[in-house]
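Novice: First, the structure itself, so that you have it in front of you.
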Amino acid sequence: MVNRSISTQNPVQALSGVMVGLLLIQFVLGMYTNLYVTLPTMNAGHNGIPMGFHMMIARGFTSPVFMIHMMLGVFLVVLSLITALKSLSSTKSSTKLWSGIGLVAVVVAGYSGLTFFMDGQHNSDSFTMAIAWLIALSAYLLTMLQKEI
């Protein structure tokens, strides 16, 4: 019997495992940012995604943890898209479903993070980000732990 690694047999499971690990790191970075980093409030003259993203990057240079949190968020969106695309070759519909749910949840969490920073740091944005993170983590855990992909 040949002993193959998960990544050789099931790339979607391997990618899902990577997503789980990175989502846990993202959680720790987000909690640190929430507790120890003071984010500047946006004023009416700086509305809009391009200026908000510029301010996030500028703030990130003064807080490396916040910068890593932002960049990891972008990477998670890309990796979740790759995972969802890889899952399309799976014969199991639940793999496609959970990978798709994971992608949507990661995008929602990222968008909520962006609006949290840009729109006055409302609790509803933070709550949406947390719930979307939990859904993404659950979706990728379920995908990773499936017996057959």
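Novice: Within the bounds of the stretch 28-39, is there any residue that is modelled with pLDDT of 60 or more, closer than 29 Å to Lys96 by Cβ and either within 19 Å of the chain's Cα centre (by Cα) or not in a loop (DSSP other than H, G, I, E, B) (or both)? Show your work before the answer.
Specialist: Of all residues in the stretch 28-39, those modelled with pLDDT of 60 or more come to 28-39.
Narrowing further to those that are closer than 29 Å to Lys96 by Cβ: 30.
Of the ones still in play, those that are also either within 19 Å of the chain's Cα centre (by Cα) or not in a loop (DSSP other than H, G, I, E, B) (or both) are 30.
So far as the stretch 28-39 goes, yes, one or more of its residues are modelled with pLDDT of 60 or more, closer than 29 Å to Lys96 by Cβ and either within 19 Å of the chain's Cα centre (by Cα) or not in a loop (DSSP other than H, G, I, E, B) (or both).
Novice: While we're here: Determine which member of the set Ser94, Ser87, Ser80 is over 18 Å from Val18 (Cα atoms) and either of a type outside the set (Asp, Glu) or at pLDDT below 95 (or both).
Specialist: Values: Ser87 fails: over 18 Å from Val18 (Cα atoms); Ser80 fails: over 18 Å from Val18 (Cα atoms).
The match here is Ser94.
Novice: Among Ser87, Ser80, Ser94, which is surrounded by fewer than 17 Cβ atoms within 10 Å (Cβ to Cβ), in contact (Cβ under 8 Å) with a residue 40 or more places away in the chain and small (Gly, Ala, Ser)?
Specialist: Working: Ser87 fails: surrounded by fewer than 17 Cβ atoms within 10 Å (Cβ to Cβ); Ser80 fails: surrounded by fewer than 17 Cβ atoms within 10 Å (Cβ to Cβ).
Just a single option satisfies the conditions, and that option is Ser94.
Novice: Does the stretch 6-18 contain at least one residue that is in a helix (DSSP H, G or I), modelled with pLDDT under 80 and touching a helix residue (DSSP H, G or I) at 6+ places or on another chain (Cβ under 6 Å)?
Specialist: To start, the set of residues in the stretch 6-18 that are in a helix (DSSP H, G or I) comprises 6-9, 11-18.
Pick out the ones that are also modelled with pLDDT under 80 and you get 6-9.
Those left that are additionally touching a helix residue (DSSP H, G or I) at 6+ places or on another chain (Cβ under 6 Å): 6-7.
Yes: the stretch 6-18 contains one or more residues that are in a helix (DSSP H, G or I), modelled with pLDDT under 80 and touching a helix residue (DSSP H, G or I) at 6+ places or on another chain (Cβ under 6 Å).
Novice: Filter the stretch 62-77 down to the residues that are surrounded by fewer than 16 Cβ atoms within 10 Å (Cβ to Cβ), free of Cβ contacts under 8 Å to residues at least 40 places away in the same chain and not aliphatic (A, V, I, L, M), then identify the one that is nearest to Ser138 (Cα to Cα).
Specialist: Pro64
Novice: For the stretch 119-149, enumerate the residues that are part of a helix (DSSP H, G or I), more than 14 Å from the chain's Cα centre (by Cα) and buried (at least 20 other Cβ atoms within 10 Å of the Cβ).
Specialist: Listed by number, the residues that qualify are Thr143, Met144.
Novice: Then there's this: I'd like to check something: does the stretch 50-63 contain any residue that is among the aromatic types (Phe, Trp, Tyr), modelled with pLDDT of 80 or more and closer than 22 Å to Phe127 by Cα?
Specialist: Residues of the stretch 50-63 that are among the aromatic types (Phe, Trp, Tyr), as a first pass: 53, 61.
Restricting the remaining residues to those that are modelled with pLDDT of 80 or more gives none.
No; the residues of the stretch 50-63 include none that is among the aromatic types (Phe, Trp, Tyr), modelled with pLDDT of 80 or more and closer than 22 Å to Phe127 by Cα.
The values are calculated or read from the model by the stated rules, or taken from the named source; none is laboratory data. Not measured: the values here are computed from a predicted model. FYI the Cβ positions are ideal-geometry reconstructions off the backbone, even for glycines, and counts take in every protein chain you see.
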